[in-house]
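Reviewing the structure listed below.
The values are calculated or read from the model by the stated rules, or taken from the named source; none is laboratory data. Fair warning: this is a prediction, and the values are worked out from it, not measured in the lab. Positions of Cβ are generated from backbone atoms using ideal geometry, with glycine treated the same way; all protein chains shown enter the neighbour counts.
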Amino acid sequence: MTPPDYEYLRKLLKEHSGLDLSADKQYLVESRLIPLAHKCGHSGIGELVAKMKSGGEALITEVVEAMTTNETFFFRDKIPFDHLRETVLPTLLQSRAGRRSIRIWSAASSTGQEPYSIAMVLKEQAQQLAGWRVEIVATDLSLEVLEKSKSGIYSQFEVQRGLPIQLLVKYFTQTGELWQINPDIRGMVQHRQLNLLQNFAHLGKFDVIFCRNVLIYFDQETKINTFERLKEVLETDGMLLLGAAESVVGITDAFRPCPDRRGLYQPNPLRARSNAGAMTQGLKVVATR
Ligand SMILES: C[S@@+](CC[C@H](N)C(=O)[O-])C[C@H]1O[C@@H](n2cnc3c(N)ncnc32)[C@H](O)[C@@H]1O
């Protein structure tokens with residue numbers, strides 16, 4: 001891959017998905033895009049880039065999707081789901097007793113293991129949540145992963161990663177070598193395509209946001225901007241869960257860590273007004289599809 005082709009792809013990926021590739025990540029781009037180039041009948045990345053430059057919108061979407069990292073598994077890192085069960089839900093059961101509704105957003109949901117893990121935690125509390133309206137919204141940039149998520153179908157390998165056997169038996173049906181999550185759990189999750197670089201205020205307010213293992217790919221400015229906008233759609237007493245390698249510390253004061261609850265954050269009440277409007281002005285937003 002020539003340096004100008006790499007620069008073109010680096011810029012394009014940052015604009016379309018927020019992916020911030022350092023100057024030494026050519027190997028990563030090559031390993032993901034050479035197979036795509038061949039699949040599309042091109043000899044290599046040079047031809048692929050030329051095609052993209054000549055207005056290949058659909059190809060650009062394929063390239064962006066090929067470069068996203070979709071790694072996920074059921075109950076990933078365990079702790080966030082313990083927080084959900086032991087801290088977040090008991091708090092909401094009290095604070096939302098008046099309206100009896102809870103809205104949860106899985107903001108980069110990949111192939112669905114995260115939103116379905118949330119749904120199973122809630123289902124296990126069915127008695128306490130009887131009569132409550134529970135909404136889980138799963139969004140991702142990639143239509144391909146959303147399709148898989150909607151199907152709720154997983155391989156033997158995928159259900160062996162993180163999913164306790166008793167939940168597999170209880171909530172999945174086996175068909176040959178595949179397992180499908182049952183319709184009652186599937187029905188708890190609504191899917192939508194959404195690019196976190198774009199406005200998401202239309203999703204409405206949430207009580208809980210899981211935004212895990214996606215901000216890690218963004219540069220500092222995009223992280224700050226995203227945190228500001230996440231704060232806008234989170235209730236003032238809502239809770240944000242980040243990935244194990246992610247934090248707000250040193251990045252934003254829009255959220256503050258909950259003491260003794262690693263990975264759990266709340267909007268910072270000392271920040272009287274968000275400056276999200278001002279911050280989004282500087283962000284270039286590009287539609288991917
Ligand atoms: C590593 S997975 C994380 C999945 C899940 N949250 C977890 O922690 O297991 C990252 C997901 O973020 C999605 N993604 C990447 N850039 C995005 C963006 N700008 N907006 C929305 N989703 C994005 C990818 O398509 C991918 O499915």
Residues of the stretch 125-147 being part of a loop (DSSP other than H, G, I, E, B) and more than 22 Å from R85 (Cα to Cα), which ones?
L141, S142
Mind checking whether some residue in the stretch 67-88 is closer than 19 Å to E7 by Cβ and at pLDDT 95 or above?
yes
Selection from the stretch 1-44 of residues under 23 Å from D140 (Cβ atoms), among the acidic types (D, E) and in contact with a helix residue (DSSP H, G or I) (Cβ under 8 Å, 6 or more places away or on another chain) yields D20
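Quick one: which residue in T69, T61, T87 is of a type in the set (S, T, Y), within 27 Å of H38 (Cα to Cα) and away from the ligand (no atom under 11 Å from the Cβ)?
On the way: T69 fails: away from the ligand (no atom under 11 Å from the Cβ); T87 fails: within 27 Å of H38 (Cα to Cα).
Just a single option satisfies the conditions, and that option is T61.
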Identify, by number, the condition in (1) away from the ligand (no atom under 15 Å from the Cβ); (2) at pLDDT 95 or above that Y154 doesn't meet.
(1)
Within the bounds of the stretch 217-228, is there any residue that is more than 22 Å from D20 (Cβ to Cβ) and surrounded by fewer than 19 Cβ atoms within 10 Å (Cβ to Cβ)?
no
For the stretch 85-106: of the residues being over 14 Å from W132 (Cα atoms) and out of contact with any helix residue (DSSP H, G or I) (no Cβ under 6 Å at 6 or more places or on another chain), which is surrounded by the fewest Cβ atoms within 10 Å (Cβ to Cβ)?
E86
Looking at the stretch 1-23, which of its residues are hydroxyl-bearing (S, T, Y) and closer than 15 Å to V49 by Cβ?
T2, Y6, Y8
Return the only residue of L196, L167 being under 30 Å from S95 (Cα atoms), assigned to a helix (DSSP H, G or I) and of a type in the set (A, V, I, L, M, F, W, C).
L167
Kindly list the number of the only condition in (1) of a type in the set (D, E); (2) away from the ligand (no atom under 16 Å from the Cβ); (3) under 28 Å from E86 (Cα atoms); (4) out of contact with any Gly (no Cβ under 7 Å at 6 or more places or on another chain) that fails for E177.
(3)
Looking for whichever is among the acidic types (D, E), part of a helix (DSSP H, G or I) and touching a residue at least 12 places away in the same chain (Cβ under 8 Å) here; the options are E235, E228, E246. Which one fits?
E228
Residues (surrounded by 16 or more Cβ atoms within 10 Å (Cβ to Cβ), part of a helix (DSSP H, G or I) and touching a strand residue (DSSP E or B) at 6+ places or on another chain (Cβ under 7 Å)) located in the stretch 148-163
S149, V159
Looking at this structure, is S109 small (G, A, S) and surrounded by 15 or more Cβ atoms within 10 Å (Cβ to Cβ)?
yes
